[in-house]
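Below is one structure, written out as structure tokens; comments come after it.
The values are calculated or read from the model by the stated rules, or taken from the named source; none is laboratory data. Everything numeric in this text was worked out from a predicted model, so none of it was measured. Cβ placement follows ideal geometry from the backbone for every residue including glycine, while neighbour counts extend to all protein chains displayed. Quick note on the areas: whole protein, heavy atoms, side chains included, nothing else; ligands and nucleic acids left out. Shrake-Rupley method; radii C 1.70, N 1.55, O 1.52, S 1.80 Å.
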Amino acid sequence: MVSLVGAGPGDPELLTLKAYKRLMAAEVVVYDRLVSDEVLAMLPSTATKFYVGKVRSSHSVPQEDINQALITWATQGMRVVRLKGGDPFIFGRGGEELETLMAAGISVEVVPGITAASGCAAYAGIPLTHRDHAQSVRFVTGHLQQGETTLNWSALAQPGETLVFYMGLGNLMNICQQLMAHGLDPLTPLALVEQGTTQQQRTHIGTLRQLPPAFHSGDVNPPALLIIGGVVRLHDSLSWFEADQGDALGFQDGKHFPPLQ
Ligand code: SAH
């Protein structure tokens, strides 16, 4: 039996009860980079742990090898937990692993997790669909294979929407430039939530044309989630998470760095 389990964004208390039960019963846990140290610390000492983390664009363990290992252990009758940051089905390649395991005849289940968008937004005080600001929210990959051509920018550059970019830190400038070029107001606020829901969480506020000062100074550590839209304005008044030590409050457009063109 393999359980594909979402570990949530970092705070171990954001594990679901089902995820917690599976972890406690696990004999083998295969986890990657986004699973927080606090969650890993909860694993039973008897469980064998394998790190198969990927660093962006350099895969430390190829996906095929992960799949094969899961199949091998499950076939041996082990209780295997495949632990993934956030939710397995949101930019987590859980779908591919599920396909492979099912094709191999392994019995499998999926335990959803709190995805980074939900966790970061909650802990940063940014209600993703506050009715005064947004009628919809989109989860978008910022890890663009062929530069800017892969996303439908004009569809994304709509007012009254919230955009959440996963894996967007390396492409932040490109994303903002494309959204402006396709008509989104340059004063649209954005938040970069760094290490969301952990004790290291920091929230950096800027606008499309005026990126957060911490980004310019290279002071944003991954993982970081990019939230774009009017809802970000609420962060100033709704931020409640005391560990959040970002440089957000009092940020004013035009104050720190020259705007993007
Ligand atoms: N399956 C995961 C996402 C994996 S993609 C989920 O559902 O959350 C990896 C991206 O998720 C990172 O590049 C970052 O943008 C985002 N991310 C994951 N955990 C995060 C965290 N604690 N804080 C900020 N961003 C996070």
- request: Scan region 86-107 and give yes if some residue there is open to solvent by 20 Å² or more (accessible area, probe 1.4 Å), within 16 Å of the ligand (Cβ to nearest atom) and in contact with an Asp or Glu (Cβ under 8 Å, 6 or more places away or on another chain), otherwise no.
  value: no
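Say whether the condition of being touching a residue at least 24 places away in the same chain (Cβ under 8 Å) and under 22 Å from V164 (Cβ atoms) is met by at least one residue in region 62-75. Outline the logic, then answer.
First, pick out the residues of region 62-75 that are touching a residue at least 24 places away in the same chain (Cβ under 8 Å): 63, 66-67, 69-71, 73-75.
Retained after the next criterion (residues that are under 22 Å from V164 (Cβ atoms)): none.
So far as region 62-75 goes, no, none of its residues is touching a residue at least 24 places away in the same chain (Cβ under 8 Å) and under 22 Å from V164 (Cβ atoms).
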Okay, strands (runs of 3 or more DSSP E) sitting entirely in region 1-79 with 2 or more residues that are open to solvent by 40 Å² or more (accessible area, probe 1.4 Å) and at negative phi, I get 48-51
